[in-house]
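The values are calculated or read from the model by the stated rules, or taken from the named source; none is laboratory data. Model, not experiment: these values are computed from the prediction. Virtual Cβ from ideal backbone geometry, glycine too; neighbours counted across all protein chains shown.
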Amino acid sequence: MDHPKPWLRYVDAKDLQDEDKAFKFRGMEVDDPAGKKLGKVEGFIVDVSTGRPFHVVVDAGHWFKHKHVLLPVGHVMLDATGQKMIADISQARVSRFPGFDKDKFEKLSKDELLQLARTMALECGCPDEAVVAIEWETWDDYAYPSWWDASFYRPERIENQDDAGITRPQPRSTAADRR
């Protein structure tokens, strides 16, 4: 089955960095608001046509029932030093998120993607968005983060890029663009 949103891809954090090569996401610690460790950044779910992130892929190690968990980017910020990410969701709530298998992401159906987003919205305390029938990418949970620079994603550096040469969709407007 073709992925319903082929422009959304898992991108390994080691393939992302700023132009000065001073900023590294790979292995960056991710904590909850109380300072409890959620895991380390392993990658992102990115719109490869625009470089916009939607999820932080966190390697949760052994505390979580699954190895990886997705955090919507609207719930994650960088700390003052830029060396750590802080989620505004408690470890207890994140523990109820569905697990994430990065190898199966591109095989998820449109309904499965929506269900994944709804489950996370309900668990993080954003139930209003979980019942709305609009596309999940427009929810506040996925607001373009102020800490992200689209230049982090440079297609020529991505090891797992599509060799089949699929046509990428044109950049879409975001919820913030429409406000």
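General observations
- Matching residues in segment 65-83 - criterion: being without any contact (Cβ under 8 Å) to a residue 40 or more places away in the chain and touching a Leu at 6+ places or on another chain (Cβ under 8 Å): 69
- Any chance residue 88 is under 20 Å from residue 145 (Cβ atoms) and among the charged types (D, E, K, R): yes
- Residue match in segment 40-57 (condition: in contact with an Asp or Glu (Cβ under 8 Å, 6 or more places away or on another chain), among the polar types (S, T, N, Q) and at negative phi): no
- Odd one out for residue 65 among (1) at pLDDT below 90; (2) within 15 Å of residue 140 (Cα to Cα): (2)
- Condition met for residue 80 (surrounded by fewer than 19 Cβ atoms within 10 Å (Cβ to Cβ), of a type outside the set (Lys, Arg) and touching a Ser or Thr at 6+ places or on another chain (Cβ under 9 Å)): no
- Considering segment 35-52, the residues that are surrounded by fewer than 21 Cβ atoms within 10 Å (Cβ to Cβ) and among the charged types (D, E, K, R) include one that is nearest to residue 69 (Cα to Cα), namely 40.
- Within segment 151-166, at least one residue is under 24 Å from residue 39 (Cα atoms), out of contact with any Lys or Arg (no Cβ under 6 Å at 6 or more places or on another chain) and at pLDDT 65 or above.
- Residue in segment 93-109 that is among the polar types (S, T, N, Q), over 15 Å from residue 56 (Cα atoms) and at pLDDT 85 or above present: yes
- Condition check for residue 60: under 16 Å from residue 92 (Cα atoms) and either within 15 Å of the chain's Cα centre (by Cα) or at pLDDT below 90 (or both): yes
Listed here are the residues, each with its yes/no results for (1) closer than 20 Å to residue 146 by Cα; (2) in contact with a His (Cβ under 9 Å, 6 or more places away or on another chain); (3) at pLDDT 90 or above.
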position	(1), (2), (3)
20	yes, no, no
23	yes, no, no
29	yes, no, yes
38	no, no, yes
